[in-house]
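S.K.: A single structure is presented below for examination.
Rule-based calculations on the coordinates, nothing more; no lab input. Keep in mind it's a predicted model, so treat the numbers as computed, not measured. For neighbour counting, all protein chains shown are included, and Cβ atoms are generated from backbone atoms with ideal geometry for every residue, glycine included.
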Amino acid sequence: MDVRRALPITARALARRVRNLMHPPPPYFSTYYRGHFAVTRSLVEGLQKIGAPANYNPRSVRGVGPNVIVLSGLNTLAQAVELRRKGRIRRLLAGPNILEFPSDHPDLIGAAEVDVCITPAPPTARLYEKDLPRLAGRVRPWPAGVDTEYWSPHGERSDRTVLIFLKENKGPVGPIDPYVEFIERKGYHVEVIRYGSYLPADYREHLRRCAMMVGFVTEESQGIAWTEAWSTDVPTLLWNQRTATFNHPRFRGVPFPTTTSPYLTRDTGLFFFSYDEFEGVFAQWERERSSFRPRQWVLENMSDEVCARLLCDIAGVSHG
């Protein structure tokens, strides 16, 4: 038996408090949102904004409602499955941040008690069903939203500033120097920001200064950083990865369709696949920049409120 799973909810909450006192988390992660901060925050606050009754992280079993979503944590999901077997839960959703591959714990994520398995976007949903066929018909994509009041345009924006977003010290296609030099030759000022090296407020200030953002990352299950840019009314030109291989026994060496932004649309930006293509895509953005409407797209499709209503629809729960 896993001792952590046997502990009551209240005891585990107390243990976390003791751990945080002895080893304080970084300031950004010191809120009460657990799991993936952006995903948990979006759902909890989105449900509050639409007036849907919800109880986040109840302290005891008595506080568990009839409809439950476990956003992250194998132990939490195991406890929820057991409560479902006992009839304390009527409908159980699991995801999107529990497992990378469902076949790693098939009897848990694939348990009959899990009504819906949530993934961040359609490509991951297809991967889940391929990896664990018993999930077929039970996998639904659901994106986390963003706080459109926080991620909003504000102040003086420079139409001659371009922001470059990296997850590594260089882009996945190699050094970004040729891209920087090309953009500067076109008369733009270039700023560079690296994932993990900033706080949200820093990123927001960068976004509020720039006219457009160029992104270099490998595959993204959703790409919340892109949504935050779109919400500040910044379109994105994103290097795209058509396929990826995974270091997993079931898929090792097998290319699988993927993308660096499953929710990119013509309203929010454009893809490019090489440096040569980037020059043409950049020129297209310059010609058509007035046709992009990234913030409006987010307000209609990916705000906290919109995504909370979508989750309620998936769960079969009424909402305002």
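S.K.: Per 0.36 nm of contour for each residue apart, how much would the distance between K167 and E277 grow if the chain were fully extended, relative to their Cα-Cα spacing?
M.R.: In short, 37.5 nm is gained.
S.K.: Now for a different question. Taking 0.36 nm per residue of sequence separation and subtracting the Cα-Cα distance, how much length would be gained by fully extending the chain between F37 and D104, in nm to one decimal?
M.R.: 21.8 nm
S.K.: I would also like to ask the following. By per-residue mean of other Cβ atoms within 10 Å, what is the highest-first order of 151-159, 289-297, 120-128, 174-182?
M.R.: Put in order of decreasing packing, that is 120-128, 289-297, 174-182, 151-159.
S.K.: What is the set of long-range amide H partners of G215 at a cut-off below 5 Å, with H atoms built 1.01 Å from backbone N?
M.R.: So G215 has HN proximity to F165, L237, L238, W239.
S.K.: Further question on the same structure: How big is the C-alpha Rg of region 133-288 next to the rule-of-thumb value 2.2 N^0.38 Å, as a ratio?
M.R.: 1.11
S.K.: Using modelled backbone amide H atoms (1.01 Å from N, in-plane), which distant-in-sequence or interchain residues come within less than 5 Å of I69's amide H?
M.R.: Amide H to amide H, under 5 Å and 5 or more residues apart or across chains, I69 pairs with L93.
S.K.: In terms of modelled amide H atoms, which long-range or inter-chain residues lie less than 5 Å from the amide H of T161?
M.R.: H189, A211
S.K.: Separate question: Give the label of the value calculated from the structure for Kirkwood radius over Cα pairs in Å, choosing from (1) 19.9; (2) 21.3; (3) 20.7.
M.R.: (2)
S.K.: With n ≥ 4 as the cut-off for DSSP H runs, can you work out [θ] at 222 nm for the chain, using -39500 (n - 2.57) per run divided by the number of residues, rounded to the nearest 500?
M.R.: -11000 deg cm²/dmol
S.K.: Say each of V254 and N57 gets a label point 7 Å from the Cα, pointing the same way as Cα to Cβ; how far apart are those two points in nm?
M.R.: Here the modelled spin labels are 3.8 nm apart.
S.K.: Through the Karplus equation 6.51 cos²θ - 1.76 cosθ + 1.60, θ set to phi - 60°, convert the phi angles of region 51-61 into ³J(HN,Hα) values in whole Hz; use x for Gly and Pro.
M.R.: For region 51-61, the Karplus-derived couplings read x, 7, x, 8, 10, 8, 6, x, 7, 8, 4 Hz, x marking Gly and Pro.
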